[in-house]
Structures are given as C-alpha cells and as structure tokens.
Amino acid sequence: MDKALKDRIEILEADITKMEVDAIVNAANTSLLGGGGVDGAIHRAAGSELLAETRTIGGCPTGEARFSKGYRLPAKWVIHTVGPIWSGGNRDEDRLLASCYKNSFKAAAEIGAATLAFPSISTGAYRFPLERAVNIALTETKSFLQTDESINKVFFVCFGSEVYEKYQEVSKEVFE
Ligand code: ADP
C-alpha cells in the first residue's frame with residue numbers, strides 16, 4: 001500500500017456544496033446552464049452569478065472541463081465537467097468518464113487548486129453503473145496523484161450510503 005498516496009484521498013458522505021476546498025467539481029451538462037442533481041444544487045448554492053458566468057463560457061463537450069468562480073460557495077472555484085450518458089457501454093463511455101477526471105485534474109492544476117472535491121460523476125441521472133464509474137474515478141485519481149505534487153487532497157463526496165460504501169470498497173482494491 002502506498003500510504004502517502006492513500007493519505008491524499010478522502011471519501012465522505014456529504015453535500016458537495018458545503019465543502020471548504022479550493023475547487024469543487026460539478027457534474028454538469030453540455031450547456032453549462034444548470035440542471036438537476038448535483039448541478040442544480042451547486043447553482044442554487046452559488047447564486048445567479050454562477051449562471052451569468054457559465055453563460056459566457058458557451059458550453060462544454062462531453063469528457064471535457066471548464067472552470068468558473070465559486071461565488072457564494074465556500075469553494076473558490078467550480079470545475080464543470082460533462083460526464084457521458086450511459087447507453088450500454090459501447091459508446092466510449094469508459095474513456096469519456098476517465099477523460100472527465102483527467103481534464104478536471106488539469107483544470108485544478110491550471111487554477112492552482114490544492115484541495116479538490118468530486119461528486120460521483122455520471123452515476124445519477126446519467127445512469128453509469130456505479131461500481132464501474134467508481135473504479136474509473138479512483139484509478140484516474142491514483143494515476144494523476146502519482147505524477148503530481150500540486151494537489152494535497154482529493155475528496156470524494158458521496159450522496160447517500162450506497163455510493164459511500166461503494167467508494168470505500170473499491171478504494172481498498174485500487175489504493176491498497
Ligand atoms: P449525472 O447527470 O452526471 O449522473 P447527477 O447529479 O444526477 O449527475 O448525479 C451524480 C451524483 O451526484 C449522484 O450520486 C447524486 O446522488 C449526487 N449528488 C446529488 N446532489 C449532490 C450534492 N449536493 N452533493 C454531492 N453529490 C450530490
């Protein structure tokens with residue numbers, strides 16, 4: 001087990017809009033104009049200035065990431081990434097989800113975020129199978145952290161005990 005690496009991740013059951021970190025990641029849609037689930041919660045908590053800024057960004061393709069300020073959130077930044085909609089597994093979903101994590105880390109490095117919080121991207125309304133998505137999330141995080149020294153802590157913010165337990169279970173395989 002790589003202890004130093006494992007110490008740089010934390011899995012918790014919480015509301016991501018309350019996280020006091022440099023940046024939170026939003027599971028957005030391609031319009032970047034807000035939506036349901038975690039996206040709606042982030043827009044409500046950040047206030048209407050967030051929408052005013054994301055309007056100027058002009059959308060984001062699936063698998064990519066963009067960033068904005070956090071406005072009324074405790075987090076200074078919001079990294080908006082668009083996860084794939086699950087449609088059976090033959091439409092490049094795994095690669096696109098991995099790419100969300102890669103591009104979110106890249107954005108975090110660009111804005112100098114040392115602490116970062118992710119929701120479980122694509123596993124809500126977009127129906128990506130949970131265990132498969134969690135494996136991708138943790139594997140991508142491990143590979144990024146192995147080559148990076150700028151990020152001190154990555155939080156996986158789980159909504160509900162099912163998601164929390166799955167992250168705990170998969171992290172034992174990936175990080176130990
Ligand atoms: P997607 O469209 O990418 O599937 P959803 O927002 O529907 O995004 O779901 C992604 C995950 O975010 C789900 O596990 C959902 O329960 C969770 N979620 C919803 N609200 C919050 C919140 N306030 N904080 C953290 N996670 C949340």
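Things to note:
- Filter pass, GLU162 being outside any helix (DSSP H, G or I), open to solvent by 50 Å² or more (accessible area, probe 1.4 Å) and of a type outside the set (Val, Ile, Thr): no
- When segment 113-130 is filtered for residues that are out of contact with any helix residue (DSSP H, G or I) (no Cβ under 6 Å at 6 or more places or on another chain) and surrounded by fewer than 17 Cβ atoms within 10 Å (Cβ to Cβ), the ones remaining, listed by number, are ALA114, ARG127, PRO129.
- Residues (without any contact (Cβ under 8 Å) to a residue 24 or more places away in the chain and either hydrophobic (A, V, I, L, M, F, W, C) or outside any helix (DSSP H, G or I) (or both)) located in segment 36-57: LEU51, ALA52
- Hits in segment 96-112 (condition: in contact with a helix residue (DSSP H, G or I) (Cβ under 8 Å, 6 or more places away or on another chain) and either part of a loop (DSSP other than H, G, I, E, B) or not basic (Lys, Arg) (or both)): LEU97, ALA98, TYR101, PHE105
- Flag if VAL170 is over 14 Å from the mean Cα position of the chain (by Cα), open to solvent by less than 10 Å² (accessible area, probe 1.4 Å) and either within 19 Å of ALA27 (Cβ to Cβ) or not acidic (Asp, Glu) (or both): yes
- Hits in segment 147-159 (condition: touching a helix residue (DSSP H, G or I) at 6+ places or on another chain (Cβ under 9 Å), modelled with pLDDT of 95 or more and open to solvent by 30 Å² or more (accessible area, probe 1.4 Å)): PHE155, PHE159
- Scanning segment 19-34 for residues that are more than 22 Å from GLU169 (Cβ to Cβ) and touching a helix residue (DSSP H, G or I) at 6+ places or on another chain (Cβ under 8 Å) yields a total of 9.
- Residue match in segment 85-101 (condition: within 13 Å of the ligand (Cβ to nearest atom), surrounded by fewer than 20 Cβ atoms within 10 Å (Cβ to Cβ) and under 18 Å from GLU64 (Cα atoms)): yes
- Against the list (1) more than 25 Å from SER87 (Cβ to Cβ); (2) within 14 Å of the ligand (Cβ to nearest atom), the condition VAL163 fails is (1).
- Residue that is nearest to GLY58 (Cα to Cα), among those in segment 32-44 that are open to solvent by 50 Å² or more (accessible area, probe 1.4 Å) and more than 8 Å from the ligand (Cβ to nearest atom): LEU33
- Residue within segment 96-114 that is more than 22 Å from GLY160 (Cβ to Cβ), without any contact (Cβ under 8 Å) to a residue 12 or more places away in the chain and out of contact with any Gly (no Cβ under 7 Å at 6 or more places or on another chain) present: no
- Scanning segment 1-29 for residues being over 26 Å from SER143 (Cβ atoms), open to solvent by 40 Å² or more (accessible area, probe 1.4 Å) and in a loop (DSSP other than H, G, I, E, B) gives a total of 2.
The values are calculated or read from the model by the stated rules, or taken from the named source; none is laboratory data. Nothing here was measured: the structure is a model prediction, and the numbers come from that model. As a convention, Cβ positions derive from the backbone with ideal geometry for all residues, glycine included, and neighbour counts pool all protein chains shown. With ligands, DNA and RNA removed, areas are computed over all heavy atoms of the protein, side chains included. Shrake-Rupley method; radii C 1.70, N 1.55, O 1.52, S 1.80 Å.
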